[in-house]
Protein chains: 2
Amino acid sequence: MEQPTIEFFWDAASPYTYLAATQVEPLAARAGAVVVWRPFLLGKVFEATGNRMPAAVPAKAKHLFCDVQRWAQHYGVPVAFPKVFPVHSVLALRAGIAAAEQGSGAAFATAVMRAYWADGGDISQPEVVSAVAASVGLDGAALLLQAQAQPVKDQLRANTEEAVRRGAFGAPSFFVGEQMFWGNDRLVLLEEFLSGKIAA
Amino acid sequence: MEQPTIEFFWDAASPYTYLAATQVEPLAARAGAVVVWRPFLLGKVFEATGNRMPAAVPAKAKHLFCDVQRWAQHYGVPVAFPKVFPVHSVLALRAGIAAAEQGSGAAFATAVMRAYWADGGDISQPEVVSAVAASVGLDGAALLLQAQAQPVKDQLRANTEEAVRRGAFGAPSFFVGEQMFWGNDRLVLLEEFLSGKIAA
């Protein structure tokens, strides 16, 4: 049987994407699948679909970090409320595309989300993105340059438009072929789908 | 140790509330807790908080029933897209309060959500609510009368206002003391909280 691919659309600005990012590679390993990490701009997804971030509803905003902390405990991963929230993630996402071109897409994505959601880093700042790149063995200065190149910018826009066209309205969004799974809380369904326990 | 209470705020119009309703009593039994089933009007919660139903975003609406079907497979429970959607659930909720006064709150709530989300019943209709009541051993005609009494109407309004005051913005909402858990997909966290695996 062909090895299934999980396309993982991520935006570092999203706490549930950080949580899912800590789980998706072990999940894929259990399922015999591979993960393709694809940066996309959640803000543009919201614009295109009329959806909005959870924190846009005051009562949801009030509950959000409590919920995120519970998931972090559930998974046994660190989390700390960011100093800057929400954050402009476009530079980090462009750097994510550049890192993927160098074969370090997963490592960079994981590190940049941890920098923001656990280590207090302001990932809108070039020096923070550069340090994250260095922490996964990339040349930070070179990656920042590459991140500003037009083809990288175009790729981020294209990823975002593609995700919306395929039905995405939030993050994280996972695709296995045509099947979309939305949310950290749907990883259980994604895994059951891959194992054949549930149908599409 | 005192037996914990799970307050379960439910509205039969919500598919995720139906899904959660199929799981909450076994969960409580495992945790040594009791469930208090409390009807509330989700539409009024949305009005009060500025939140909105998932189906209000077209891309979410398109994905909604696919997601609900996956959860139904995950749990091994029946589901069928309702003939009337969305539905006016106020009569069913008032009947739920009247049924609870007769000690059949859980049985009626479970049956009325199954009637709507699995059996194609239009629970906005008195004869459907009456038949549901009869199926759990209640006098349907008497329950409909009781459901129209002012104290029952007032109780539904009071439940809704209380839930909002305590932080609810959607359904299902669960409370263990001051701790709120929102969503069918948070049952795993609710259970871990009750077992002490995660802190509040």
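Among the conditions (1) modelled with pLDDT of 95 or more; (2) more than 16 Å from the chain's Cα centre (by Cα); (3) not in a helix (DSSP H, G or I), the only one that B:A199 does not satisfy is (1).
Note on the stretch A:121-149: residues that are exposed (fewer than 13 other Cβ atoms within 10 Å of the Cβ) and either under 15 Å from the mean Cα position of the chain (by Cα) or over 17 Å from A:Q102 (Cα atoms) (or both) amount to 1.
Yes or no, residue by residue, for (1) away from chain B (no Cβ under 14 Å); (2) of a type in the set (D, E, K, R); (3) over 16 Å from A:F8 (Cβ atoms):
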residue	(1), (2), (3)
A:G105	yes, no, no
A:I123	yes, no, yes
A:S130	yes, no, yes
A:A163	no, no, no
A:Q179	no, no, no
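Going by what's in this entry, would B:E191 be described as part of a helix (DSSP H, G or I) and more than 19 Å from B:Y16 (Cβ to Cβ)? Criteria not met by B:E191. Which condition breaks for A:T5 when tested against (1) out of contact with any helix residue (DSSP H, G or I) (no Cβ under 7 Å at 6 or more places or on another chain); (2) within 21 Å of A:A131 (Cβ to Cβ); (3) of a type in the set (S, T, Y)? Every condition holds for A:T5 apart from (2). Name every residue in the stretch B:157-176 that is in a loop (DSSP other than H, G, I, E, B) and in contact (Cβ under 8 Å) with a residue 40 or more places away in the chain, in order of residue number. Within the stretch B:157-176, B:A168, B:F169, B:G170, B:A171, B:P172 qualify. From the list A:K44, A:K60, which one is over 13 Å from A:T110 (Cα atoms), of a type in the set (D, E, K, R) and in contact with a Pro (Cβ under 8 Å, 6 or more places away or on another chain)? Exactly one residue qualifies, and that residue is A:K60.
Note on the stretch B:1-83: enclosed helices (runs of 4 or more DSSP H) holding 2 or more residues that are surrounded by fewer than 18 Cβ atoms within 10 Å (Cβ to Cβ) are B:24-31, B:42-49, B:58-75.
Selection of the stretch A:165-177 for residues being more than 10 Å from chain B (Cβ to nearest Cβ), crowded, with 24+ Cβ neighbours inside 10 Å and in contact with a Leu (Cβ under 8 Å, 6 or more places away or on another chain) yields A:A171, A:F174.
Conditions (1) modelled with pLDDT of 95 or more; (2) closer than 23 Å to A:L190 by Cβ, marked per residue:
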| position | (1), (2) |
| --- | --- |
| A:L19 | yes, yes |
| A:V24 | yes, yes |
| A:L27 | yes, yes |
| A:A31 | yes, yes |
| A:V35 | yes, yes |
| A:P39 | yes, yes |
| A:V45 | yes, yes |
| A:R52 | no, no |
| A:K60 | yes, no |
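Note on the stretch A:1-10: residues that are touching a strand residue (DSSP E or B) at 6+ places or on another chain (Cβ under 7 Å) and either closer than 16 Å to A:N184 by Cα or among the hydrophobic types (A, V, I, L, M, F, W, C) (or both) amount to 5.
Which one is farthest from B:E161 (Cα to Cα), of the residues in the stretch A:41-67 that are aliphatic (A, V, I, L, M) and free of Cβ contacts under 8 Å to residues at least 12 places away in the same chain? Working first, answer last.
Going through the stretch A:41-67, the residues aliphatic (A, V, I, L, M) turn out to be A:41-42, A:45, A:48, A:53, A:55-57, A:59, A:61, A:64.
Filter again for free of Cβ contacts under 8 Å to residues at least 12 places away in the same chain, leaving A:56-57, A:59, A:61.
Working: A:A56: 21, A:V57: 17, A:A59: 14, A:A61: 19 Å.
Among them, the one singled out is A:A56.
Look at the stretch A:183-200: where a residue is more than 7 Å from chain B (Cβ to nearest Cβ) and a partner is of a type in the set (A, V, I, L, M) and in a loop (DSSP other than H, G, I, E, B), sitting 6+ places away or on another chain with Cβ atoms under 6 Å, you get A:L194/A:A33. Of B:L64, B:L145, all but one fail to be away from chain A (no Cβ under 14 Å) and at negative phi; the exception is B:L145.
Might you check whether a residue that is in contact with a strand residue (DSSP E or B) (Cβ under 7 Å, 6 or more places away or on another chain) and closer than 30 Å to A:Q69 by Cα occurs anywhere in the stretch B:143-157? No, the stretch B:143-157 contains no residue that is in contact with a strand residue (DSSP E or B) (Cβ under 7 Å, 6 or more places away or on another chain) and closer than 30 Å to A:Q69 by Cα. Taking the criterion of being crowded, with 21+ Cβ neighbours inside 10 Å and farther than 18 Å from B:G43 by Cα, the residues of the stretch B:84-105 that qualify are B:A98, B:A99, B:G105.
For (1) in contact with an Asp or Glu (Cβ under 6 Å, 6 or more places away or on another chain); (2) under 19 Å from A:R157 (Cα atoms), each residue gets a yes or a no:
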{"residue": "A:F9", "(1), (2)": "no, yes"}
{"residue": "A:A20", "(1), (2)": "no, no"}
{"residue": "A:A28", "(1), (2)": "no, no"}
{"residue": "A:G32", "(1), (2)": "no, no"}
{"residue": "A:L42", "(1), (2)": "yes, yes"}
{"residue": "A:F65", "(1), (2)": "no, no"}
{"residue": "A:R70", "(1), (2)": "no, no"}
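The values are calculated or read from the model by the stated rules, or taken from the named source; none is laboratory data. What you are looking at is a predicted structure, and each value in this text was computed from that prediction instead of being measured. Here the Cβ is made from the backbone with ideal geometry for all residues, glycine too, and neighbour counts use every protein chain on show.
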